[in-house]
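I have placed the structure first, in the form of structure tokens, so that the comments after it can refer back to it.
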Ligand SMILES: Nc1ncnc2c1ncn2[C@@H]1O[C@H](COP(=O)(O)OP(=O)(O)O)[C@@H](O)[C@H]1O
Ligand SMILES: [Mg+2]
């Protein structure tokens, strides 16, 4: 069995990539799926959000730079949920311009080897479109795009789709692309309008549940807790459980 | 493809390059508009006569609620109906009082409220204060524009903690 590799991607910062990576993976893990989540952002926000704070600990950086096996870098952070931290040297990859084509293919190769038993590997991407994102796109089968519902996010989405299409034609394979409306503010009119524009271009590709903006979701990273630990049963926890089911069952808007 | 709706908040559509074919996206939108104008005309109408079709409360008006004996059995969630008026205030009262005695905290989801009258708002205010007295809490989540507008008109938005400042970003 091979894992589905999902890149959580949007070059715009602050759209909810890390929040989605943390809480969707924990929701899936709670539903019994075996997950590995890779913190692919040198800022290490994913690890921090999961309560792993040692900045010196190596992770995916050594896998890519030194060929250490992924299995060796797995940290079991929750039941069914393994984390690979970014590591202090991940930033160096972003500067690996001279390696040419090969520097883009490091992650894909690293994920090929080994016989692990995950159902899913999630990659929490950095907010950029450099070498790291190229690596994520080489490696991924699927792309999950967290989207906020404001105008500049639409602009960003346009740019992102341009990048993705370039990769699709270079790699000669289409990605499965899905979107999740994150940080959704239902009381704003612009939210609905942006959503309806997105629905027009991505019919059947937006996960059915929207993740709303709530204070609790903004609070939990500082405690290193997922929403399921910070406030079990709250609305945002239920949003993420519903989102996980949408994701597994392909339930779209 | 330019947006034709003059009222739209989206000017230039940056995704237009993705395809040129027109999609039929307007049906949903129309529904929303219809609802909005309907609610606007009926908004905080004191005269009990509410325009027909949208609400169909022949018998018992239902107020959706889900209790979450969330892991510690202390939070409950109540989802408010789109139209709240004097006819269902008694039921809502009963519901909330019961929840308040069984749970430590109640989250009221007010995102779907299209019309709310002063009786309902007063009820919410009183219960919120009762809750404080009991060292419990009632919070109003995701208040819709209509909800905020109505509570501001009545001058109790701040007490209900749904004023613009509080609700914009929570
Ligand atoms: N649904 C939400 N409600 C409230 N705050 C959110 C929500 N999603 C994200 N945030 C907050 O917004 C900020 C940016 O989110 P994050 O997930 O780190 O975005 P990204 O990884 O795309 O940069 C963080 O402080 C996060 O806690
Ligand atoms: Mg992030």
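State yes or no: is residue A:20 away from ligand 1 (no atom under 16 Å from the Cβ), modelled with pLDDT of 95 or more and under 18 Å from the mean Cα position of the chain (by Cα)?
No, not satisfied.
Have a look at A:165, A:172 and point out the one that is more than 16 Å from ligand 2 (Cβ to nearest atom), surrounded by fewer than 21 Cβ atoms within 10 Å (Cβ to Cβ) and more than 12 Å from chain B (Cβ to nearest Cβ).
A:172
Kindly establish whether residue A:56 is within 15 Å of ligand 2 (Cβ to nearest atom) and modelled with pLDDT under 95.
So residue A:56 fails the test.
Would you mind stating whether residue A:251 is under 19 Å from the mean Cα position of the chain (by Cα) and more than 14 Å from chain B (Cβ to nearest Cβ)?
Judged against the criteria, residue A:251 is a match.
In a helix (DSSP H, G or I), within 13 Å of ligand 1 (Cβ to nearest atom), at pLDDT below 95 and at the interface with chain B (Cβ under 9 Å from one of its Cβ atoms): is that true of residue A:156 in this structure?
yes
Identify the single condition in (1) over 25 Å from residue A:248 (Cα atoms); (2) surrounded by 21 or more Cβ atoms within 10 Å (Cβ to Cβ); (3) within 16 Å of ligand 1 (Cβ to nearest atom) that residue A:51 does not satisfy, given that it satisfies every other one.
(2)
Specify which of the listed residues (A:121, A:143) is in a strand (DSSP E or B), in contact with a helix residue (DSSP H, G or I) (Cβ under 9 Å, 6 or more places away or on another chain), away from ligand 2 (no atom under 16 Å from the Cβ) and in contact (Cβ under 8 Å) with a residue 12 or more places away in the chain.
A:121
For the range A:212-253, which fully contained helices (runs of 4 or more DSSP H) count at least 3 residues that are more than 26 Å from residue A:188 (Cα to Cα)?
By residue number, A:227-230, A:235-249.
List the number of the failed condition for residue A:188; all other conditions in (1) out of contact with any strand residue (DSSP E or B) (no Cβ under 8 Å at 6 or more places or on another chain); (2) surrounded by fewer than 15 Cβ atoms within 10 Å (Cβ to Cβ) hold.
Looking at each condition in turn, residue A:188 falls short on (2).
So which residues in the range A:159-187 are within 12 Å of ligand 1 (Cβ to nearest atom) and over 20 Å from the mean Cα position of the chain (by Cα), if there are any at all?
A:185, A:186
Suppose we keep only residues that are touching a strand residue (DSSP E or B) at 6+ places or on another chain (Cβ under 7 Å) and more than 13 Å from ligand 2 (Cβ to nearest atom) within the range A:1-31. Which one would you say is farthest from residue A:182 (Cα to Cα)?
The selected residue is A:3.
What are the residues in the range A:209-223 that are within 15 Å of ligand 2 (Cβ to nearest atom) and in contact (Cβ under 8 Å) with a residue 12 or more places away in the chain, if any?
A:211, A:217, A:220, A:221
If you scan the range A:221-243, which residues turn out to be near ligand 1 (Cβ under 10 Å from one of its atoms) and buried (at least 21 other Cβ atoms within 10 Å of the Cβ)?
If the condition is that a residue be near ligand 1 (Cβ under 10 Å from one of its atoms) and buried (at least 21 other Cβ atoms within 10 Å of the Cβ), then A:227, A:236, A:239, A:240 are the ones that fit.
Tell me which residues, restricted to the range B:68-95, are outside any helix (DSSP H, G or I) and modelled with pLDDT of 85 or more.
If the condition is that a residue be outside any helix (DSSP H, G or I) and modelled with pLDDT of 85 or more, then B:76, B:77, B:78, B:79, B:80, B:81, B:82, B:83, B:84, B:85 are the ones that fit.
Restrict the check to the range A:193-207 and report whether at least one residue is away from chain B (no Cβ under 11 Å) and either assigned to a loop (DSSP other than H, G, I, E, B) or within 10 Å of ligand 1 (Cβ to nearest atom) (or both).
For the range A:193-207, residues away from chain B (no Cβ under 11 Å) and either assigned to a loop (DSSP other than H, G, I, E, B) or within 10 Å of ligand 1 (Cβ to nearest atom) (or both): present.
Looking only at the range B:96-125, which residues are in contact with a helix residue (DSSP H, G or I) (Cβ under 8 Å, 6 or more places away or on another chain), more than 18 Å from residue B:145 (Cβ to Cβ) and assigned to a helix (DSSP H, G or I)?
Correct list: B:96, B:97, B:100, B:119, B:123, B:125.
For the range A:23-48, how many residues are within 16 Å of ligand 1 (Cβ to nearest atom) and in contact (Cβ under 8 Å) with a residue 40 or more places away in the chain?
16
Would you check which residues across the range A:32-43 are within 17 Å of residue A:81 (Cβ to Cβ), within 15 Å of ligand 2 (Cβ to nearest atom) and outside any strand (DSSP E or B) and list them?
Across the range A:32-43, the qualifying residue is only A:40.
Looking at residue A:76 and the list (1) crowded, with 17+ Cβ neighbours inside 10 Å; (2) more than 11 Å from ligand 1 (Cβ to nearest atom); (3) modelled with pLDDT of 95 or more, which single condition is not satisfied?
(1)
Determine whether residue A:112 is surrounded by fewer than 18 Cβ atoms within 10 Å (Cβ to Cβ) and either farther than 28 Å from residue A:245 by Cβ or more than 13 Å from ligand 2 (Cβ to nearest atom) (or both).
Spelling it out, residue A:112 is indeed surrounded by fewer than 18 Cβ atoms within 10 Å (Cβ to Cβ) and either farther than 28 Å from residue A:245 by Cβ or more than 13 Å from ligand 2 (Cβ to nearest atom) (or both).
The values are calculated or read from the model by the stated rules, or taken from the named source; none is laboratory data. Being a predicted model, the structure only gives us computed values, none of them experimental. We place every Cβ from the backbone using ideal geometry, glycine too, and count neighbours over all the protein chains shown.
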